[in-house]
């Protein structure tokens, strides 16, 4: 039994068989297979080699047509290498002798060949190293592409283990097929974590070297509540987790009644509980679970399911479907938060060194005005179907806000001239997720209709901690006194100006923070659909005097550990069932 610690990003416990999700762009770990699978691995190798030869032939023909004979010879040379038995036979022998995967055999033999060329010293041979690496990518891509497609053909549900997952890969998962997710990299607020939460799949990220040592078919436990992954658990651990799972299912069953009940404290204070969504279909889950609407539609997720920029019509259809599914409840559309993601970085000739501090979010939109206009047109058109709000992400200066509003006004003028229906009184607000926006909240409040505090990025920028970096994950905490003081200042600024303020970061969806947020004066919380019932349960079990007392108490602390312990203790007293009937710090 091996126990790994990681970052809990999507609650629940998954127990199942491992499915290792390899990627051709990564270092290939040595993974063994049973004797019965050796012939299958050899056939996979043969298929990948044949597929690569076919792809190289298509490239050769295209090069011959467009670039001439000399360029075409490069691909002919590559084809010849893949036909060379002195390269391919050692791969087959390695699979037989060591009982390893085809991927590993390919990686080792190509590495050996590259090292041989590099060692010869002559420049003409050294340049062949690039040819070898390119060939390796072709063959590994063929193998891992087949491996990925196998995920959809799983004979039984499995737990996906990977070094890393892109949001689009995670978005393709199905809860019925994928029981849980564990990755070596990633953090609490990464896009992969957000997708896992949306799908209701237990997930632990930032585990370390799990993907290197796990093998297909091994039993694994993914504890998304505590950030623990147990590989090959013993029977005692399995029984403990099975019992815990039963208790949590019983608790979840009691939350069913929350959908029809209002989010009101024991002393009558009403709270607007909204949902965070990525896809139009999730709007139905928000209403079914008793949410009052959508407080955050992460529109950039439309890019994940397409191999091109979403057109205005494609966006309009998704936005209109969302508004219609909400049946008159409001929907807040956040404009594209692009730039720091792999999709846009991979499209750049030279990717940014630090994209989270680079051309992202509203900055990216303002430098891509045609794209920005198409999105705003689609959003405003969708507003004809029901109440909406428009929210700009990562605004750091008044000039950005004014420029964005100017583009929106131009779009509305165009729609009016075209006779297209839209609501000219659509509220416009910003995400407060940078220190500059928080410090200047009073000024921004005079030019906004509402604020939404995005704690994911706010914590990252206030504490100078990369929220996707597992090596500094322990430093990323909304409990830090600096973060809480800034949030309190933002709430005060919004109140003085008479505008609405909400919290839409992951902090709002954790039961430990509910009393604190209410005590700070927040009355609008936007959380993942899966968290609505739990948060409503807390709201209905507290009174505002207790919440305000708790907020004052933690406001006097100078340590995030003190804050975290105090909040955990308060939540435990209100809703111990959310922790499986025991302290959140207890081992499984």
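The values are calculated or read from the model by the stated rules, or taken from the named source; none is laboratory data. Since the model is a prediction, treat every value here as computed from it, not as a measurement. All Cβ positions, glycine included, derive from the backbone under ideal geometry; neighbour counts span all protein chains shown.
Report whether or not residue 473 is under 20 Å from residue 568 (Cα atoms) and free of Cβ contacts under 8 Å to residues at least 24 places away in the same chain. No: the conditions fail for residue 473. Flag not set for residue 186, criterion: assigned by TED's automatic domain parsing to the domain that holds residue 320, buried (at least 24 other Cβ atoms within 10 Å of the Cβ), in contact (Cβ under 8 Å) with a residue 40 or more places away in the chain and touching a helix residue (DSSP H, G or I) at 6+ places or on another chain (Cβ under 9 Å).
Is at least one residue of the range 491-499 touching a strand residue (DSSP E or B) at 6+ places or on another chain (Cβ under 7 Å), in a loop (DSSP other than H, G, I, E, B), in contact (Cβ under 8 Å) with a residue 40 or more places away in the chain and under 24 Å from residue 463 (Cβ atoms)? No, the range 491-499 has no match at all. Is it the case that the range 19-35 has a residue that's in a helix (DSSP H, G or I) and at pLDDT 80 or above? Checked against the condition, which is being in a helix (DSSP H, G or I) and at pLDDT 80 or above, the range 19-35 yields at least one hit.
Hey, any hits in the range 537-546 for a residue that's surrounded by fewer than 21 Cβ atoms within 10 Å (Cβ to Cβ), farther than 22 Å from residue 12 by Cα, in contact (Cβ under 8 Å) with a residue 60 or more places away in the chain and in contact with a strand residue (DSSP E or B) (Cβ under 7 Å, 6 or more places away or on another chain)? Quick ask: steps written out before the conclusion?
First pass over the range 537-546, keeping only residues surrounded by fewer than 21 Cβ atoms within 10 Å (Cβ to Cβ): 540-541, 543-546.
Next, from what is left, pick out any that are farther than 22 Å from residue 12 by Cα: 540-541, 543-546.
Now narrow it down to the ones that are in contact (Cβ under 8 Å) with a residue 60 or more places away in the chain: 540-541, 543-545.
With the extra rule that they be in contact with a strand residue (DSSP E or B) (Cβ under 7 Å, 6 or more places away or on another chain), the set shrinks to 540.
Yes, that holds for at least one residue.
A single member of 207, 222 is buried (at least 24 other Cβ atoms within 10 Å of the Cβ), outside the structural domain of residue 474 (by TED's automatic domain parsing), out of contact with any helix residue (DSSP H, G or I) (no Cβ under 9 Å at 6 or more places or on another chain) and in contact (Cβ under 8 Å) with a residue 12 or more places away in the chain, and it is 222.
Can you pull out the residues in the range 391-429 that are touching a residue at least 12 places away in the same chain (Cβ under 8 Å) and assigned to a loop (DSSP other than H, G, I, E, B)? Talk me through it step by step, then tell me what you get.
Residues of the range 391-429 that are touching a residue at least 12 places away in the same chain (Cβ under 8 Å), as a first pass: 391-398, 400-405, 407-408, 410-412, 414-415, 420-424, 426-429.
Those that are touching a residue at least 12 places away in the same chain (Cβ under 8 Å) and assigned to a loop (DSSP other than H, G, I, E, B): 393, 394, 395, 396, 397, 420, 421, 422, 423, 424, 426, 427.
Can you tell me which residue among 220, 286, 229, 264 is at negative phi and over 26 Å from the mean Cα position of the chain (by Cα)? Walk me through it before giving the result.
Working: 220 fails: over 26 Å from the mean Cα position of the chain (by Cα); 286 fails: over 26 Å from the mean Cα position of the chain (by Cα); 229 fails: over 26 Å from the mean Cα position of the chain (by Cα).
Of 220, 286, 229, 264, the one residue that is at negative phi and over 26 Å from the mean Cα position of the chain (by Cα) is 264.
So, in the range 549-565, how many residues would count as being within 33 Å of the chain's Cα centre (by Cα) and assigned to a helix (DSSP H, G or I)? Outline the logic, then answer.
Pass one, the range 549-565, residues within 33 Å of the chain's Cα centre (by Cα): 550-551, 554-555, 557-565.
Going one step further and asking which of them are assigned to a helix (DSSP H, G or I), we end up with 550-551, 554-555, 560-565.
So the answer is 10.
Just one of the listed residues (245, 237) is in the same structural domain as residue 192 (by TED's automatic domain parsing), under 26 Å from the mean Cα position of the chain (by Cα) and in contact (Cβ under 8 Å) with a residue 60 or more places away in the chain, namely 245. Of all residues in the range 512-526, none that is on the phi < 0 side of the Ramachandran plot and not assigned by TED's automatic domain parsing to the domain that holds residue 544 has its Cβ atom under 6 Å from the Cβ atom of a residue that is surrounded by fewer than 24 Cβ atoms within 10 Å (Cβ to Cβ) and at pLDDT 95 or above, 6 or more apart or on another chain.
Let's see how each residue does on (1) over 16 Å from residue 387 (Cα atoms); (2) surrounded by fewer than 21 Cβ atoms within 10 Å (Cβ to Cβ); (3) at pLDDT 95 or above:
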{"position": "263", "(1), (2), (3)": "yes, no, yes"}
{"position": "300", "(1), (2), (3)": "yes, no, no"}
{"position": "319", "(1), (2), (3)": "no, no, yes"}
{"position": "332", "(1), (2), (3)": "no, no, yes"}
{"position": "342", "(1), (2), (3)": "yes, yes, no"}
{"position": "345", "(1), (2), (3)": "yes, yes, no"}
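Among the numbered conditions (1) assigned to a helix (DSSP H, G or I); (2) within 24 Å of the chain's Cα centre (by Cα); (3) surrounded by fewer than 23 Cβ atoms within 10 Å (Cβ to Cβ), the only one that residue 258 does not meet is (2). Taking the range 505-539 as the range and being out of contact with any helix residue (DSSP H, G or I) (no Cβ under 7 Å at 6 or more places or on another chain), modelled with pLDDT of 95 or more and part of a loop (DSSP other than H, G, I, E, B) as the test, only 523 passes. For the range 32-66, which positions are more than 12 Å from residue 96 (Cβ to Cβ), touching a residue at least 60 places away in the same chain (Cβ under 8 Å) and in contact with a helix residue (DSSP H, G or I) (Cβ under 6 Å, 6 or more places away or on another chain)? Correct list: 44, 48, 49, 51, 52, 56. Residues that are at pLDDT 95 or above, outside any helix (DSSP H, G or I) and surrounded by fewer than 19 Cβ atoms within 10 Å (Cβ to Cβ) are absent from the range 280-294.
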